[in-house]
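Written below as structure tokens is the structure these notes are about.
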Amino acid sequence: MAALGLAPSLPGAWAAEPVVLRVASFPDLDRGVRAALASFQLRRPGVQVRITALGVTDHHTAMTTALATGANVPDLMAIDVDYIGRLSRSAGLHNLAAAPFMGVAGAADDGGSPAQQRLAAYALVAAQPRPGVQAALPVDIGPGALFYRADLLQRVGVSEAQLTRSWADFIEAGRRLRQQTGAYLVAHAADLADIGIRSGLSAGEGVYFDGQGRPLVETPRFARAFERARAARQAGIDGRMRAWSNEWTQALRSGRVAAQMMGSWLAGHLKNWIAPGAAGLWRAAQLPEGAFAAWGGSYYAIPKAARQPALAWELLQLLALEKAQQVAAFQALDAFPALLDAQADPVMDEPLPYLGGQPARQLWRTAAGRIAPTASDRYDPIAGLVVQAELMKVLDQGKGVPAALADARRTLERRVRRR
């Protein structure tokens, strides 16, 4: 690990109190830290690591308050990708691209390349609020994938190639499935819009805002996404079920919904608790029509008010930049590694029994390499809510797409006030 100009406060033989490294995280990301503790404590046996894990929303509310007030600030702070656009702009976080972190000569791999070049580019960029600033490092990513019930599609004569060739073919396959089996192809038509909104972007382009902070919601990308979701709803291929609801879980478990587009980590959820009885029936594929999009991802940052920044950086390097730890976390948590070295590990070529022996991790690695680095914005969460509200008016109330997108733009211009 790289040496730091900040010396950790290690206890001497006379010290009455042990050094404590405080980590704030959320389930199941905290399990990755716990799995790394044995290795970390071999290197730092005099350090106690205290992990606080709150639910995702409560955790980020607490971290926002801590950064604003300077009270109850941890040494190492977890950030979910949905919050990275806002929290990465906090003045209360260290710039990990500068000394004494990655900006020192030792913060490199054995081949001498910068540590940043060893991590998924698109995930790094999301935590760069401005050039030269790296507010957090990614520890896992979520390359998007299409999971589908091979047995149900085989029953109606639809191949994977037919399913993924184009969005029109995807919708037609859903129509056949619904007519012949009664099953829905997707849980909600909004999933098709979500992919269209977040894929096909150029490197450096924002999802909802351009470089000057102007809304992009009336661009052809959003129009196509809305129209695609409307076509799916009109074709009757969606069950109008929201992800993570009890109805959604039961539909995936029973085969009432035959496909789900999400991050690669969904494979672990399907296997472990959503549909363990369907082992061997599910398969994974790339998203339709050559789309590549990210679902989820996790980061760690070091606050400026951290009491143990040097130790926090040592632990962060272990979590993000050590191949063995990244591979172990992947195998235990199905958290796809952000570290490129780990993505090249032979574990990626192993057949997955739950997916019928398919070496699906190869697909996810390919997808991760095809996702464009896009700019995040602190108002992305607000924009996402506004766009979703207008999409629901299109799907449920028959509102026209141009009118919905124009209203989304006006709402964003009213709600987003930039300094």
**Request:** Output yes when any residue across the range 325-340 is in a helix (DSSP H, G or I) and among the charged types (D, E, K, R), and no when none is.
**Result:** no
**Prompt:** Which ones in the range 153-166 are touching a residue at least 40 places away in the same chain (Cβ under 8 Å) and buried (at least 20 other Cβ atoms within 10 Å of the Cβ)?
**Reply:** LEU153, LEU163, THR164
**Item:** Residues located in the range 43-95, provided they are surrounded by 16 or more Cβ atoms within 10 Å (Cβ to Cβ) and polar (S, T, N, Q)
**Value:** SER88, SER90, ASN95
**Request:** Select, from GLU390, GLU314, the only residue that is assigned by TED's automatic domain parsing to the domain that holds PHE209, over 25 Å from ILE274 (Cβ atoms), assigned to a helix (DSSP H, G or I) and modelled with pLDDT of 95 or more.
**Result:** GLU390
**Message:** Within the range 344-359, does at least one residue satisfy the condition of being assigned by TED's automatic domain parsing to the domain that holds ILE84, of a type in the set (Gly, Ala, Ser) and under 18 Å from ALA24 (Cβ atoms)?
**Reply:** no
**Prompt:** ALA285 versus (1) in the same structural domain as SER202 (by TED's automatic domain parsing); (2) crowded, with 20+ Cβ neighbours inside 10 Å: which is the lone unmet condition?
**Reply:** (2)
**Complete:** Subset of the range 53-90, residues assigned to a loop (DSSP other than H, G, I, E, B) and either touching a Pro at 6+ places or on another chain (Cβ under 8 Å) or more than 15 Å from ALA127 (Cβ to Cβ) (or both), comes to LEU54, GLY55, GLY70, ALA71, ASN72, VAL73, PRO74, ASP75, SER88, ARG89
**Request:** Identify all residues within the range 394-419 that are free of Cβ contacts under 8 Å to residues at least 12 places away in the same chain and assigned to a helix (DSSP H, G or I); write none if there are none.
**Result:** ASP396, GLN397, ALA403, ARG410, ARG414
**Prompt:** Is it the case that the range 352-362 has a residue that's of a type outside the set (S, T, N, Q), in contact with a Gly (Cβ under 8 Å, 6 or more places away or on another chain) and under 29 Å from LEU216 (Cβ atoms)?
**Reply:** no
**Prompt:** Of the residues GLY206, GLY200, GLY144, GLY211, which single one is over 21 Å from PRO288 (Cα atoms) and under 21 Å from the mean Cα position of the chain (by Cα)?
**Reply:** GLY206
**Options GLN326, GLN317; residue that is within 17 Å of the chain's Cα centre (by Cα) and under 18 Å from ILE79 (Cα atoms)** = GLN326
**Message:** For the range 154-174, give me each residue that is touching a Lys or Arg at 6+ places or on another chain (Cβ under 6 Å) and of a type in the set (Phe, Trp, Tyr).
**Reply:** TRP167
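The values are calculated or read from the model by the stated rules, or taken from the named source; none is laboratory data. It should be emphasised that the depicted structure is a prediction, and the values quoted were computed from it without experimental measurement. Cβ sites come from the backbone with ideal geometry, for glycine too, and all protein chains shown count toward neighbours.
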